[in-house]
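Comments concern the structure below.
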Amino acid sequence: MTAMPTGAPAGNPVRPGRAWTMVERNLMIYRHTWPVLLAEIFEPMLYLLAFGVGVGLLVGDVPGLGASVSYPQFVAPALLATAAMNGAMNETTFNMYGKLTTDKTYESILTTPMSVRSVALGEVFWALVRGAIVATVFLVVVSIFGLAELPGALLVIPSALLIGFAFAAMGLLTVTFLRSWQDFQLIQLVMLPMFLFATTFFPLSVYPRAVQVFVEVLPLYHSVELVRAAFLGTGGGYPAIAVIYLAVLGVVALAIAVRRLEDTLRP
Amino acid sequence: MTDSSTVLIDAQGLRKVYGRPGDKAGFTAVDGIDFQVRRGEAFGVLGANGAGKSSTMRMIACVSPPTAGSLRILGYDSGADGAKIRARLGVVPQDDTIDTELTVRENLLIYGRYFGLSWKVLRERSTRLLEFTRLSEKADDAVATLSGGMRRRLTIARALINEPEIVLLDEPTTGLDPQARHLLWERLFQLKQDGVTLLLTTHYMDEAEQICDRLVVMDAGKIVAEGAPAELIARYTLREVLELRFAPGERQIMTDKCRGLAERMEELPDRLLLSTDNGEETLSAVHRQGVQPLTALVRRSSLEDVFLTLTGRSLLD
C-alpha cells in the first residue's frame, strides 16, 4: 500500500495560486488543440487576400493619408487589429462562458487557494499570449510581402497586446452579463458592424461628419488607428489618444468584471 | 482558542441566506447550526435534497461566505483567511468538475499548480495518487473515456494533490454502481486510516453507517440530531422494523387495520413501516387482525428509520 497523506501541515510548500497558472493550463490544453490557433492566424490572411489584394487591384491607392498608401497597406493593419480584438474577445467570452456554465471549470479551481482575481487576470494574460503569437506571425507574413516597414512596424506587437488587453477585459465584463448561448448573437450584432465600419476597409473621410463622430468613439477604430500608425510609420500625436483610450477602457472593464465575477463565482 | 489541535472545524450559529443582504425574499439554506469536527474523524452530514448539506459544505470549503455566525477551520477564520484554509483542504464536489480538455494525469498536474506546488513534486505525487485511486493505466487517456466511478476516483485523487488535512466529499457515491461504490468506500477507509479527517454529505444511510464515526442529521437548514450512527439508532428508534407491502387497492383498508399494532407507524408511498421491539411478534399480531400483506419483512432499525422519525420523510424522496 502506498503511503498516503498523513495530514502533517509542517513544511507543506503550498502557497496561494497565481494568475500565471491559468496560462499554464491553457498552454497544456493547446498542446492538444494547437490547430485552433492556426485557424486564427489564417483568418486575417484570407481577408487580406480577398479584400487587400482582390479589391486592391480595383481601387489603387487610398486617398487622404498623405504619402501614397496602397490598398493592401491600408487594410493589413486593420485586419491585424481585428484579429487581436477577436482572439481576445473569443477567449474571454465564448471560451470562458463554457468554463463558467457547462464545464464548471472555475468552480473547481476556486476550491484551491486561487482567487477570482487571479483566475480573471490569468485568462486575460492568456488572451494576450495568444494575441502576441497571432500578431507576430501576421507581421512576419505581411513584411515578407513588403506591406510593413520594419523595424518601425515592430511597434505593432505592443499595440496588439494593448488591443488584446482592452478587448479581453471587455469580453470578461460582457461574459458576466450573458444569460444563455443565444446571447452570443447579440455580441455578433455589435462586433460585425464594428469590424466592417471602423475604418477597416475605407478611411474615415468617406463618412459624413455625423457618422465620423460615431465611428471615432468605437474601440476598434482606435485599435486600427494604433496599428496603422505603426505599420505606416505615420501617426504623430494621434496614437497617444488611442493608447490612453484602450488602456482606460481595459482597466475599467477589468475592475468591474472582477467584482461581478466575484459575486457569480462565490455566491 | 480552545482545542485548536483537535477541533479542526468549529461552526457556531452558522447561517446561509441566498439573495441580497436585507432582502426579505432571500432563501435561508442553512439556519443557524453548531457543530465541531475533530482531527482524524469521519463526520457525516445527512439530509434529504435541499436540507442545506451542500450549502454547509460550500461554506466550509471557503467558496461561499457565511451570512452569519462564526466558522473557524484549522484555527483560521473562514472569512478572513479563506485562501490559507483552502490550501489545506481537499474538495470532492457533488458534480464531477474534472477538466475535460486535459488528460487524466494533466488534471492532477495543473490542479497542483493552483496550489503553487512545483512540477517536480507534482510528477511524483500524481504517479502515487493515480496508483492510490487505481487509475495508473488511464494516466494518459482523455477524461471522456473514463467511467463514472473512475471520474469520481480522479476527482478524489485531485483533491489529495495538496496532501490535505481535511477532505470534503459532497455525496461522493451518488450515481455510482454498487461495485464502484464499494471500491470508493475502501479508498476512503484507507484515507481515514492514514489520519485524514473526512467530512461527507450523503443521503445514503448505508454509506453513513459504514464510514461515519459521527454525524448530524439536517432538515430544512437545521441540525435535528447529532451522534454516532449506533447511538442515533438506539436513541430514536425501537429495535426492529416490520415492512409490509400491499396490493394497491387494499392499501388504505389494510393500513387502517394495522393502526395500534405498533408503537410507531410510518406510511411510505410504497410500503408501511411498523416500529417495534420484536418484529416477529408484531407480524403475528398483524396476521391475527386478518391483514394479508403481499410481502412482509422484519429487519433491524437503521439510520433511515432515524431520519423518518426525525423528519417524517424518507431520505430518498
- Message: Can you tell me which of (1) touching a residue at least 40 places away in the same chain (Cβ under 8 Å); (2) more than 23 Å from residue A:50 (Cβ to Cβ) is the one residue A:157 doesn't meet?
- Response: (1)
- Within segment A:83-132, how many residues turn out to be hydroxyl-bearing (Ser, Thr, Tyr), surrounded by 24 or more Cβ atoms within 10 Å (Cβ to Cβ) and more than 14 Å from every other protein chain (Cβ to nearest Cβ)? 1
- Got a number for residues in segment B:237-250 being more than 26 Å from residue B:215 (Cβ to Cβ) and surrounded by fewer than 18 Cβ atoms within 10 Å (Cβ to Cβ)? 5
- Within segment B:66-84, of all residues that are more than 9 Å from every other protein chain (Cβ to nearest Cβ) and open to solvent by less than 20 Å² (accessible area, probe 1.4 Å), the one nearest to residue A:119 (Cα to Cα) is B:78
- Message: Given the criteria within 22 Å of residue A:72 (Cα to Cα), open to solvent by 30 Å² or more (accessible area, probe 1.4 Å), touching a strand residue (DSSP E or B) at 6+ places or on another chain (Cβ under 9 Å) and not aliphatic (A, V, I, L, M), does residue A:197 qualify?
- Response: no
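Going by the structure shown, is residue B:198 of a type outside the set (Lys, Arg), part of a strand (DSSP E or B), within 14 Å of chain A (Cβ to nearest Cβ) and under 14 Å from the mean Cα position of the chain (by Cα)? Break it down into steps so the answer makes sense when it comes.
Details: of a type outside the set (Lys, Arg): yes; part of a strand (DSSP E or B): yes; within 14 Å of chain A (Cβ to nearest Cβ): yes; under 14 Å from the mean Cα position of the chain (by Cα): yes.
Yes, satisfied.
Just give me the residues in segment B:112-121 being within 28 Å of the chain's Cα centre (by Cα) and either at the interface with chain A (Cβ under 8 Å from one of its Cβ atoms) or assigned to a loop (DSSP other than H, G, I, E, B) (or both), in sequence order. Step through it out loud before you land on a result.
Filtering segment B:112-121 down to residues within 28 Å of the chain's Cα centre (by Cα) leaves B:112, B:114-115.
Within segment B:112-121, B:114, B:115 qualify.
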- Query: Do any helices (runs of 4 or more DSSP H) lying entirely in segment A:133-223 carry at least 2 residues that are within 24 Å of residue A:35 (Cβ to Cβ), and which ones are they?
  - Reply: A:156-175, A:184-197
- Within segment B:86-111, track down each residue that is part of a helix (DSSP H, G or I), within 9 Å of another protein chain (Cβ to nearest Cβ) and crowded, with 23+ Cβ neighbours inside 10 Å. B:86, B:110, B:111
- Task: Have a look at B:220, B:208, B:234, B:228 and point out the one that is surrounded by fewer than 20 Cβ atoms within 10 Å (Cβ to Cβ), out of contact with any Phe, Trp or Tyr (no Cβ under 8 Å at 6 or more places or on another chain) and under 11 Å from residue B:47 (Cβ atoms).
- Result: B:220
- Matching residues, segment B:246-268, being outside any helix (DSSP H, G or I), of a type outside the set (A, V, I, L, M) and in contact (Cβ under 8 Å) with a residue 24 or more places away in the chain: B:246, B:263, B:264, B:266
- When (1) closer than 22 Å to residue A:262 by Cβ; (2) crowded, with 17+ Cβ neighbours inside 10 Å; (3) touching a helix residue (DSSP H, G or I) at 6+ places or on another chain (Cβ under 9 Å) are applied to residue B:18, the one that fails is (2)
- Query: Assuming residue B:142 fulfils every condition listed in (1) within 11 Å of another protein chain (Cβ to nearest Cβ); (2) crowded, with 23+ Cβ neighbours inside 10 Å apart from one, which condition is it?
  - Reply: (2)
- Sole miss for residue B:137 among (1) open to solvent by 20 Å² or more (accessible area, probe 1.4 Å); (2) within 12 Å of another protein chain (Cβ to nearest Cβ) is condition (2)
- Task: Mind listing whichever residues of segment B:274-297 are more than 11 Å from residue B:254 (Cβ to Cβ) and open to solvent by 60 Å² or more (accessible area, probe 1.4 Å)?
- Result: B:277, B:280, B:281, B:287, B:288, B:295, B:297
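The values are calculated or read from the model by the stated rules, or taken from the named source; none is laboratory data. In this text, all values refer to a predicted model and were calculated from it rather than measured experimentally. Cβ: placed from backbone, ideal geometry, glycine included. Neighbour counts: every protein chain shown. Note: areas computed on protein heavy atoms with side chains; ligands, DNA, RNA excluded. Shrake-Rupley method; radii C 1.70, N 1.55, O 1.52, S 1.80 Å.
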